[in-house]
Structures are given as C-alpha cells and as structure tokens.
1. In the range 30-66, which residues are more than 11 Å from the chain's Cα centre (by Cα) and small (Gly, Ala, Ser)?
2. Go through the range 20-41 and give me each residue that's modelled with pLDDT of 95 or more and in a loop (DSSP other than H, G, I, E, B).
3. Hey, among the residues in the range 15-54 that are polar (S, T, N, Q) and touching a Phe, Trp or Tyr at 6+ places or on another chain (Cβ under 6 Å), which one's farthest from His4 (Cα to Cα)?
4. Return the only residue of Arg17, Arg44, Arg53 being among the basic types (Lys, Arg) and modelled with pLDDT of 95 or more.
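The values are calculated or read from the model by the stated rules, or taken from the named source; none is laboratory data. Please read these numbers as outputs of a predicted model, since none were measured by experiment. Don't worry about glycine lacking a Cβ; one is built from the backbone with ideal geometry, like all the others, and counts go over all protein chains shown.
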Amino acid sequence: MAWHWTYQPAPAGGTERSMDFPRQGDAESWLGETYPDLFEDGVRSVTLWESERKVYGPMSLEPDGA
C-alpha cells in the first residue's frame with residue numbers, strides 16, 4: 001500500500017498530492033520536514049491517505065494561535 005498527502009488548497013501551478021511513501025511513518029516524517037515550505041506555497045491543510053482510504057485530516061498547517 002502507498003501512503004500520500006493531499007493539499008488544500010493545492011499550490012499554484014503545483015500538484016494536489018505528495019509523492020507516494022511505503023509506510024505511514026515515512027509520510028509523516030516527510031510532512032514534518034516540509035510543512036513550512038508547503039505553508040509558504042499556500043497550502044493550509046493536508047490529509048493523509050493510504051491508497052484510496054482517508055486515514056486522517058484535513059489537518060491544519062496554520063501556526064498555533066493563527
């Protein structure tokens with residue numbers, strides 16, 4: 001099974017989903033490393049998927065207190 005993130009809203013000129021990851025932990029680690037860049041690109045929330053099954057989300061990328 002492949003894991004991936006979808007973005008809301010999708011970055012301008014970009015894609016609305018991340019690359020595929022082999023494990024949930026890999027997807028979550030990647031998000032932990034890249035969420036500041038995603039936020040800068042206009043993404044405000046993300047949803048985690050295992051293939052076509054929604055695992056959780058949408059999860060806000062907004063800083064606390066925003």
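1. Gly42, Ser51, Gly65, Ala66
2. Of everything in the range 20-41, those that are modelled with pLDDT of 95 or more and in a loop (DSSP other than H, G, I, E, B) turn out to be Asp20, Pro22, Arg23.
3. Filtering first and then ranking leaves Gln24.
4. Going through Arg17, Arg44, Arg53 in turn, just one is among the basic types (Lys, Arg) and modelled with pLDDT of 95 or more: Arg53.
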